[in-house]
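Read-outs: derived from the displayed coordinates by stated rules, not from any lab. If you're wondering where the values come from, they're calculated on a predicted model, not measured in any experiment. Positions of Cβ are generated from backbone atoms using ideal geometry, with glycine treated the same way; all protein chains shown enter the neighbour counts.
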Amino acid sequence: FYWVLAIPLCGFSAFLWDGIFIGATAAKAIRNGMIWACASFYVCYFAFRGMMGIQALYMAYFAHLIARDIYMTLTARKQVFSRIR
């Protein structure tokens, strides 16, 4: 239950960045961010699935959202804001 309450806190910025990147037509940056996020999901899931069971799936989804957020935040200046000028 606590995982469901925490999803909006970790996920809102990732989805907000999706809208900004789509508006800036930065599809390659979205693709690259999703590749990193997918990799972080599987690494986290396979690392914790034996110890935590279904909780590892929730933790991996959080890792996915956080990886998307971090990647898009770090690349926003180059991929989005440089196109405004």
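Out of the residues in the stretch 30-78 that are over 14 Å from the mean Cα position of the chain (by Cα), assigned to a helix (DSSP H, G or I) and not aliphatic (A, V, I, L, M), which is farthest from residue 13 (Cα to Cα)? Within the stretch 30-78, the match that is farthest from residue 13 (Cα to Cα) is 50. Across the stretch 46-78, the qualifying residues are those that are within 26 Å of residue 29 (Cα to Cα) and among the polar types (S, T, N, Q), and the one among them that is surrounded by the fewest Cβ atoms within 10 Å (Cβ to Cβ) is 73. Counting the residues of the stretch 52-75 that are more than 21 Å from residue 6 (Cα to Cα) and either touching a Cys at 6+ places or on another chain (Cβ under 9 Å) or among the hydrophobic types (A, V, I, L, M, F, W, C) (or both) gives 1.
Residue pairs whose Cβ atoms lie under 9 Å apart, separated by 6 or more positions or on different chains, with the first residue in the stretch 56-85 and within 15 Å of residue 23 (Cα to Cα) and without any contact (Cβ under 8 Å) to a residue 60 or more places away in the chain and the second among the acidic types (Asp, Glu) and surrounded by fewer than 17 Cβ atoms within 10 Å (Cβ to Cβ), are 72/18.
The single condition among (1) more than 12 Å from residue 72 (Cβ to Cβ); (2) without any contact (Cβ under 8 Å) to a residue 40 or more places away in the chain that residue 16 does not satisfy is (1).
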